[in-house]
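A quick write-up on the structure given underneath.
The values are calculated or read from the model by the stated rules, or taken from the named source; none is laboratory data. Given the structure is predicted, the values throughout are model-derived calculations rather than measurements. With ideal geometry, Cβ positions are generated from the backbone for all residues, glycine too; neighbour counts draw on all protein chains shown. Side chains are part of the model used for accessible areas, which takes the heavy atoms of the whole protein and leaves out ligands, DNA and RNA. Shrake-Rupley method; radii C 1.70, N 1.55, O 1.52, S 1.80 Å.
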Amino acid sequence: DGKQHGQGTYTHSDGSKYVGEHKDRQKHGQGTYTFANGNKYVGEYKDGQKHGQGTFTSHNGDKYVGEYKGGKRHGQGTYTYADGRKDSGEWKDDKMHGQGIQYNANGTVKKEGIFENDKFKYAQKVSD
């Protein structure tokens, strides 16, 4: 049928590299993509895009561990900044969206509640 499936290593002319599973010449399944600038993604792919569970590590020390959909942070995840700050909770289209917590670098809670498109909307009401 002319379709290719399997595992492989692909090095691109810009120095980026993919090692992992592919289907129909696209990243599909488990894989590791190392970008030319030093960023790295290890996780699941679907139809060439980050999709499912994954870990993205930036060359500057930032790190996201969580769910992806269609190449974007989407679902449950935690983004840890190089300076120690942390955003943890629900994500949609690469932004904090839904229930979440922002932590200061020392680990104390900065904001906790509902976020919409990366903006803090209101504190979560706690029932007693």
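Which of the residues that make up the range 81-95 are open to solvent by 20 Å² or more (accessible area, probe 1.4 Å), under 16 Å from residue 116 (Cα atoms) and of a type outside the set (S, T, N, Q)? 90, 92, 93, 94, 95 - these are the residues of the range 81-95 that are open to solvent by 20 Å² or more (accessible area, probe 1.4 Å), under 16 Å from residue 116 (Cα atoms) and of a type outside the set (S, T, N, Q). Might you let me know whether the range 27-38 holds any residue that is closer than 14 Å to residue 93 by Cα and not small (Gly, Ala, Ser)? Looking through the range 27-38, none of the residues is closer than 14 Å to residue 93 by Cα and not small (Gly, Ala, Ser).
Being within 30 Å of residue 5 (Cα to Cα) and open to solvent by less than 70 Å² (accessible area, probe 1.4 Å): is that true of residue 98 here? So residue 98 does not fit the description; no. Which residue pairs have Cβ atoms closer than 9 Å, lie 6 or more positions apart in sequence or on different chains, and pair a first residue in the range 100-122 that is over 18 Å from residue 74 (Cβ atoms) with a second residue that is open to solvent by less than 50 Å² (accessible area, probe 1.4 Å) and outside any strand (DSSP E or B)? Close Cβ pairs satisfying both conditions: 103/84; 104/84; 105/84; 106/84; 107/84. Would a scan of the range 2-16 turn up a residue that is assigned to a strand (DSSP E or B), charged (D, E, K, R) and in contact (Cβ under 8 Å) with a residue 12 or more places away in the chain? Looking for residues that are assigned to a strand (DSSP E or B), charged (D, E, K, R) and in contact (Cβ under 8 Å) with a residue 12 or more places away in the chain, one finds none in the range 2-16, hence no.
Might you let me know whether the range 34-41 holds any residue that is among the hydroxyl-bearing types (Ser, Thr, Tyr), open to solvent by less than 20 Å² (accessible area, probe 1.4 Å) and in contact with a Phe, Trp or Tyr (Cβ under 7 Å, 6 or more places away or on another chain)? Checking the range 34-41: at least one residue is among the hydroxyl-bearing types (Ser, Thr, Tyr), open to solvent by less than 20 Å² (accessible area, probe 1.4 Å) and in contact with a Phe, Trp or Tyr (Cβ under 7 Å, 6 or more places away or on another chain). Residues in the range 42-56 that are open to solvent by 70 Å² or more (accessible area, probe 1.4 Å) and within 11 Å of residue 67 (Cβ to Cβ): 53 alone.
Scanning the range 57-80 for residues that are open to solvent by 60 Å² or more (accessible area, probe 1.4 Å) and either in contact with a strand residue (DSSP E or B) (Cβ under 8 Å, 6 or more places away or on another chain) or closer than 23 Å to residue 120 by Cβ (or both) yields 63, 65, 67, 69, 72, 76. Given the criteria open to solvent by less than 70 Å² (accessible area, probe 1.4 Å) and within 18 Å of residue 67 (Cα to Cα), does residue 20 qualify? Taking the combined requirement at face value, the residue does not satisfy it.
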